[in-house]
1. By the scheme Lys and Arg +1, Asp and Glu -1, what is the net charge of all other residues having a beta-carbon under 12 Å from that of Phe405?
2. What's the Kirkwood radius of the range 251-334 in Å, using all Cα pairs?
3. With the cut-off at 25 Å, report for the range 210-361 the share of all Cα pairs above it, as a whole percent.
4. Projected onto the charge dipole of the range 6-169 (+1 at Lys/Arg Cβ, -1 at Asp/Glu Cβ, origin at the Cα centre), which of Phe117, Met167, Leu94 gives the Cα projection farthest towards the positive end?
5. Please tell me the relative contact order of the range 351-429 in percent, rounded to the nearest whole number, where contacts are Cα pairs under 8 Å and at least six residues apart.
6. Could you check the simple spin-label distance between Asp416 and Ser195, using points 7 Å along Cα→Cβ, in nm with one decimal?
7. Ordered by residue, what ³J(HN,Hα) values in Hz, to whole numbers, does the range 94-105 give under the Karplus form 6.51 cos²θ - 1.76 cosθ + 1.60, where θ = phi - 60° and Gly and Pro are x?
8. Using θ = phi - 60° and the Karplus form 6.51 cos²θ - 1.76 cosθ + 1.60, what ³J(HN,Hα) does each residue of the range 363-375 get, whole Hz, x for Gly and Pro?
Amino acid sequence: MTPFPWTDLLIIAGLIVLNGVFAMSELAIVSARTSKLRAAANQGSSAASTAISLAADPGKFLSTVQIGITLVGIIAGAYSGSSLGGPVGERMVLLGLPAEYAAETGFAVVIVLTTYFSLVIGELVPKQIALRAAVPIALVMARPMAIIAKVAAPLVWLLDKSSALLMRLMGIRPSGQSNVTAEELHMIFAEATRSGVIEAEQHQILAGVVRLAERPVRELMTPRTEIDWIDVDADRAEIARVIEETPHSLLPVAEGSPDKVLGVVKLREVLALMVEGKRVDLRLLMKRAEVIPDQLDAMDALRALQQAEIAMAMVHDEYGHLDGIVTPVDLLTALVGDFASDQDQGVRPQVIEREDGSLLVSGALSADVLADRLAIEYGPDRDFATAAGFVLSVLKKLPGEGEAFEEQGWRFEVIDLDGRKIDKLLVTKLEPKAPPAEG
């Protein structure tokens, strides 16, 4: 019987470990936080500077790592089969395997075990370690990876030119940039959350930023019917009453109705004059109100608020009518959700889950929040911002109380109207329909 090649086994184990080092180094350098690496570099760490340089040119670095991983995998697979297949087959004969099947079976067993350990020890475990200690590993492996990158540079150049030539022969022009869609970003965020790279709260904020860039400001504003405002000619008693009742620090100043907004006043300045017993002239205190169109996207609205004299903008439709107001708080709420401190005492939440599992939903609930809660999707021609708007878009009319419809596995029933405004909805999950009986 052939002596078992323990030396060859150690060589194969070393190749698998080397594969793991490549995989761990790759993920650690790419995923390490640049801010931490820069802090280390500022303290004199040359390894941190090297890691930053490698991460700044991921194309060449990842190509180098891929070459190393591929070569190690090929060598380990071929070497293990040729050197260990025969000895393993001979020992399986001693276990009762027919001799005519020994060589092929031994070869197959070696390949399967090599592949298994290559995946576990050479890929999965090193990458998990890299995710948990990206910066320390990046600092340790940056210099060796930089040396390997320099040695492999000619091969990387050759492979790059070869792939470019094949692309031209196939009539495909290389693109100078990679366009990532919003849907792909949401998938990346979801995968990063599942793998533990980012937390659920970070995922919510990142996804909110992506959605914010796509949403018109009219979906985020406080509608005209819910605006607190103060009349420019209000007397001292009326001003005191408005200040006592409103939770806001800024209020629009209008002449007769919200349709004639003249400016915005800071209630802190008004209170200061009232405490000192001085005369309050709202015309002198108010600041110019920024006016923006309702179709302006949220990011442009944010820039407008940053440049405005006061952090409140009037949102007008194409006919010049006031639709609502928007503040930085509205934009922040769109990113992270409502704050408990902003909820008025005694005001019911916008979504209440009942004992039977159905949902009592406010018509003013954000359409995006409704979609996330019910896992439903809207069409590309969506033209509404609230749950009430969603109902109107489906029914194509102003519904009456008790009117209902079914959509994407849910039943929506209008249970309360406030004048012509949809105030409350009852949303119930539909039971899946049983398949028709055969015969």
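None of the figures in this text is laboratory data; all of them are computed from the coordinates on show. As the structure is a computational prediction, the values presented were derived from the model and not from experiment. Every residue, glycine as well, gets a Cβ built from its backbone with ideal geometry; the counts of neighbours run over all protein chains shown.
1. Result for the local shell: -1.
2. Averaging 1/r across every pair of different Cα atoms and inverting gives 13.8 Å.
3. More than 25 Å apart: 37 percent of the Cα pairs in the range 210-361.
4. Met167
5. 31 percent
6. For Asp416 paired with Ser195, the spin-label model returns 4.7 nm.
7. Per-residue couplings from phi come out as 5, 8, x, 6, x, 4, 5, 9, 5, 4, 5, 5 Hz.
8. Coupling constants for the range 363-375: x, 7, 4, 4, 4, 5, 5, 4, 5, 5, 5, 9, 6 Hz.
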